[in-house]
Amino acid sequence: MHWLVEPGFWSNPVVGTALVLGAVVAVVSGAVGVVVVVRGQSFAGHALTDVAMAGGAGASLVGAAPLVGFLLAGVLGGGSMEAAGTERVRDRDVATGVVLGAAAGLTALLLYFVSSSSSATGSTQSVLFGSVFTVSPSVVPLGVAVAAGTLAALFVVRRPLLLSSLNPELAAARGVRPRAIGLAFVVVLAASVALSALVIGAILSTALLVGPASAALRVARGLGGATLGAIAAGVAAVELGILASYDSFYWSSAHRSVPVSACVVGVILVEVALSALWSRARARRG
Amino acid sequence: MGCEPLPEDRREVVHVHRVEVALGGRTVLHDVDFRVGEGEFVGLIGTNGSGKTTLLRAILGLQATTAGEVIVAGRPGRRGGPVGYVPQRVAFDHDVPVRVADFVALGVDGTRLGLARRGRGVRERVEAVLASLELSALAGRRIGALSGGEQQRVLMAHALASRPRLLLLDEPLANLDLPRVHETIAVLDRVRRAEGVAVVLSAHEIGPLVPVMDRVIYIAQGGVACGTTEEVVRAEVLSALYGHHVDVLTVHGRVVVVEGEAGDPGAHPEVVVR
Ligand SMILES: Nc1ncnc2c1ncn2[C@@H]1O[C@H](COP(=O)(O)OP(=O)(O)O)[C@@H](O)[C@H]1O
Ligand SMILES: [Mg+2]
């Protein structure tokens, strides 16, 4: 096994924390991601990562945990995006784009201040690329609590959420309030994005949200199966990514490890490619 | 424009009472008044843009009225009432990952929040509705993978699943070929008798509906005329509704409604009966 798992992997407490936190985050991203893909809200998810990034940068500037900044900014940004947006797809897209642009500008400004203040060394790195190996153990309970709350909220609203995602008019006729449901979901989405930003960084967290979900949706038939598949694919990607990143330290004589985020996204790309091949093969079989 | 009272033996499920609707500053429906009785099959007939969709949405509480009121099952109409709805032109994307049976189940419990799993009662109801619409074979398929006609049938099952008192169908026949049109009407006729649900179906052609309809609501110029086919599809009634002369002709045993003066290049046969 030496060639596969480099020495110290299992005994290292930092790795243990990373594996647990990574798995928790992947479960949330998988479950939320399936709904994001079904609702066609990948773009909103991506905009939220930019908003979260601004929050994370702001948090580092004032010395708070990035997760807190990711969360606050995401919920506020997502809420205002949903409140400003209308049911017309094009207006919603424009509102999302405006928020995205503003957030990216703010992030750049805040990160500039962060990187020029000596007290916050490494913050820019962890906001952009995640901090699963350097996360302070005190953040883990908060992360797990946010994850549990997010999953519970998603589970409670799942049926009206699905109905209004499939057809808002049908849902409204039945007495569902699509705007209220949309707002609830965007908060769930913001929390999920914040969690994945913590692990693989804000830049790549859309990949963890959408990648495993879209792969699972290609393979599974129903929504339940797709959700389980997305969770499995996400957990596999994060855990394999952490392992690969750890191992990569030993790959070159220079001992420079590949960041976790890059490894995780690499695994996700492989999963997406495999699912595409699989569904093409199924289509050919008929 | 008024309407005949309900046949004596029917209890009322919906009363549209002197409803007016304005859209974008224009009055689209004006003084619309009619009732539909329990288990009735009613055709809502009018050309494109005559206000069929607007009227159905007003009954559902999706469209605000500027005057008048809608009473559904004795109570003011509101969203979430005992009304099933099949909107016009719903098409699910090819990759929508929801099974037919799950989508139909959302017709029963799609508004419910909570942690509870889907109960046996819901699953049994879904099976029964799928069977009565001849959809059992599709239960495990993804809705996105079905043809347009199949999707529409699934939407009917979804709308019926919650045992509504009234089923509103907006142009469900528009994209079907003639054999499918007759099949769909026959299935709906059977289901409304079995379930005791009133059906209001909008269409721009009256012909295929004549054998099953109890009454017709004809909609034009923002108003309605209603009654049996024989009462409504007559030159005087339709001319009054349109506000200009309309001919109702019988050609080879079929009734043809011709709008406009003779020799008018815009004149076109509009409605065909029998
Ligand atoms: N949102 C809207 N704003 C302004 N006018 C509208 C709107 N929606 C529909 N209309 C108009 O209302 C009339 C009735 O439309 P509709 O109920 O959709 O007719 P139908 O369903 O019979 O084809 C049409 O003239 C249409 O142009
Ligand atoms: Mg219409």
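Taking the numbered list (1) within 16 Å of ligand 1 (Cβ to nearest atom); (2) loosely packed, with under 15 Cβ neighbours inside 10 Å in turn, B:V90 passes all entries but (2). Within segment A:157-165, does at least one residue satisfy the condition of being within 13 Å of another protein chain (Cβ to nearest Cβ), surrounded by fewer than 23 Cβ atoms within 10 Å (Cβ to Cβ), in contact (Cβ under 8 Å) with a residue 24 or more places away in the chain and not in a helix (DSSP H, G or I)? So far as segment A:157-165 goes, yes, one or more of its residues are within 13 Å of another protein chain (Cβ to nearest Cβ), surrounded by fewer than 23 Cβ atoms within 10 Å (Cβ to Cβ), in contact (Cβ under 8 Å) with a residue 24 or more places away in the chain and not in a helix (DSSP H, G or I). Selection over segment A:246-276 of residues that are at pLDDT below 90 and buried (at least 22 other Cβ atoms within 10 Å of the Cβ) gives a count of 3.
Scanning segment A:20-40 for residues that are surrounded by fewer than 18 Cβ atoms within 10 Å (Cβ to Cβ) and farther than 16 Å from A:S214 by Cβ returns a single hit, A:V20. Could you tell me which numbered condition B:L146 fails, if it satisfies all but one of (1) within 16 Å of ligand 2 (Cβ to nearest atom); (2) closer than 25 Å to A:G229 by Cβ? Of everything listed in (1) within 16 Å of ligand 2 (Cβ to nearest atom); (2) closer than 25 Å to A:G229 by Cβ, B:L146 misses just condition (1). Looking across B:G80, B:G119, B:G144, one residue alone is within 13 Å of chain A (Cβ to nearest Cβ) and without any contact (Cβ under 8 Å) to a residue 12 or more places away in the chain. It is B:G119. Only one entry in B:V32, B:V36, B:V28 is in contact with a Leu (Cβ under 8 Å, 6 or more places away or on another chain) and within 16 Å of ligand 2 (Cβ to nearest atom), namely B:V32.
Is there a residue being under 30 Å from B:G77 (Cα atoms), among the charged types (D, E, K, R) and in contact (Cβ under 8 Å) with a residue 40 or more places away in the chain anywhere in segment A:179-198? Within segment A:179-198, one or more residues are under 30 Å from B:G77 (Cα atoms), among the charged types (D, E, K, R) and in contact (Cβ under 8 Å) with a residue 40 or more places away in the chain.
For segment B:123-141, the set of residues classified as within 25 Å of the chain's Cα centre (by Cα), at negative phi and either surrounded by fewer than 20 Cβ atoms within 10 Å (Cβ to Cβ) or more than 14 Å from chain A (Cβ to nearest Cβ) (or both) consists of B:R125, B:E127, B:A128, B:V129, B:L130, B:A131, B:S132, B:L133, B:L135, B:S136, B:A139, listed by residue number. Inspect all residues belonging to segment B:47-57 and state whether any of them is aliphatic (A, V, I, L, M), within 13 Å of chain A (Cβ to nearest Cβ), surrounded by fewer than 24 Cβ atoms within 10 Å (Cβ to Cβ) and within 16 Å of ligand 2 (Cβ to nearest atom). No: zero hits.
Could you please let me know if B:A22 is of a type in the set (A, V, I, L, M) and more than 16 Å from ligand 2 (Cβ to nearest atom)? When the stated conditions are applied, B:A22 passes them. When segment A:167-183 is filtered for residues that are at the interface with chain B (Cβ under 10 Å from one of its Cβ atoms), more than 23 Å from the chain's Cα centre (by Cα) and assigned to a helix (DSSP H, G or I), the ones remaining, listed by number, are A:E169, A:L170, A:A171, A:A172, A:A173. Looking across segment B:191-221 at every residue that is among the small types (G, A, S), under 22 Å from B:E259 (Cα atoms) and buried (at least 19 other Cβ atoms within 10 Å of the Cβ), the one that is nearest to ligand 1 (Cβ to nearest atom) is identified as B:S202. Based on what the data block shows, is B:P97 out of contact with any Gly (no Cβ under 6 Å at 6 or more places or on another chain), under 30 Å from B:F34 (Cβ atoms) and either within 16 Å of ligand 2 (Cβ to nearest atom) or not aliphatic (A, V, I, L, M) (or both)? It is false that B:P97 is out of contact with any Gly (no Cβ under 6 Å at 6 or more places or on another chain), under 30 Å from B:F34 (Cβ atoms) and either within 16 Å of ligand 2 (Cβ to nearest atom) or not aliphatic (A, V, I, L, M) (or both).
What number of residues in segment A:3-19 are modelled with pLDDT under 85 and either surrounded by 23 or more Cβ atoms within 10 Å (Cβ to Cβ) or assigned to a helix (DSSP H, G or I) (or both)? Of the residues in that region, 2 qualify. Answer yes or no: is there a residue in segment A:145-152 that is more than 14 Å from every other protein chain (Cβ to nearest Cβ), of a type outside the set (D, E) and surrounded by fewer than 17 Cβ atoms within 10 Å (Cβ to Cβ). Checked against the condition, which is being more than 14 Å from every other protein chain (Cβ to nearest Cβ), of a type outside the set (D, E) and surrounded by fewer than 17 Cβ atoms within 10 Å (Cβ to Cβ), segment A:145-152 yields at least one hit.
Looking only at residues in segment A:198-223 that are over 18 Å from A:L269 (Cα atoms) and assigned to a helix (DSSP H, G or I), the one that is modelled with the highest pLDDT is A:L223. Taking the stated definitions as given, is A:L243 more than 18 Å from the chain's Cα centre (by Cα), among the hydrophobic types (A, V, I, L, M, F, W, C) and more than 14 Å from chain B (Cβ to nearest Cβ)? It is true that A:L243 is more than 18 Å from the chain's Cα centre (by Cα), among the hydrophobic types (A, V, I, L, M, F, W, C) and more than 14 Å from chain B (Cβ to nearest Cβ). Looking at this structure, is B:F34 within 14 Å of the chain's Cα centre (by Cα) and in contact (Cβ under 8 Å) with a residue 60 or more places away in the chain? Spelling it out, it is not the case that B:F34 is within 14 Å of the chain's Cα centre (by Cα) and in contact (Cβ under 8 Å) with a residue 60 or more places away in the chain. Going by what's in this entry, would A:S60 be described as of a type in the set (S, T, Y) and farther than 26 Å from A:L228 by Cβ? So A:S60 fits the description; yes. Based on this model, can you work out whether B:G80 counts as under 21 Å from B:G25 (Cα atoms), among the small types (G, A, S) and either touching a Cys at 6+ places or on another chain (Cβ under 8 Å) or away from ligand 1 (no atom under 12 Å from the Cβ) (or both)? So B:G80 does not fit the description; no. Taking the criterion of being more than 9 Å from chain A (Cβ to nearest Cβ) and small (G, A, S), the residues of segment B:58-77 that qualify are B:A58, B:A64, B:A67, B:G68, B:A73, B:G74, B:G77. When you check B:P164 against the structure, is it more than 14 Å from every other protein chain (Cβ to nearest Cβ) and either touching a Phe, Trp or Tyr at 6+ places or on another chain (Cβ under 7 Å) or more than 16 Å from ligand 2 (Cβ to nearest atom) (or both), yes or no? Spelling it out, it is not the case that B:P164 is more than 14 Å from every other protein chain (Cβ to nearest Cβ) and either touching a Phe, Trp or Tyr at 6+ places or on another chain (Cβ under 7 Å) or more than 16 Å from ligand 2 (Cβ to nearest atom) (or both).
Report, by residue number, each residue of segment B:84-103 that is aliphatic (A, V, I, L, M) and either more than 17 Å from the chain's Cα centre (by Cα) or more than 7 Å from chain A (Cβ to nearest Cβ) (or both). The answer is B:V86, B:A91, B:V96, B:V98, B:V100, B:A101. Of all residues in segment B:165-183, those that are in contact with a helix residue (DSSP H, G or I) (Cβ under 9 Å, 6 or more places away or on another chain) and either within 16 Å of ligand 1 (Cβ to nearest atom) or under 23 Å from A:R174 (Cα atoms) (or both) total 9.
The values are calculated or read from the model by the stated rules, or taken from the named source; none is laboratory data. A quick note: this is a predicted structure, and the numbers were derived from the prediction, not measured. Virtual Cβ from ideal backbone geometry, glycine too; neighbours counted across all protein chains shown.
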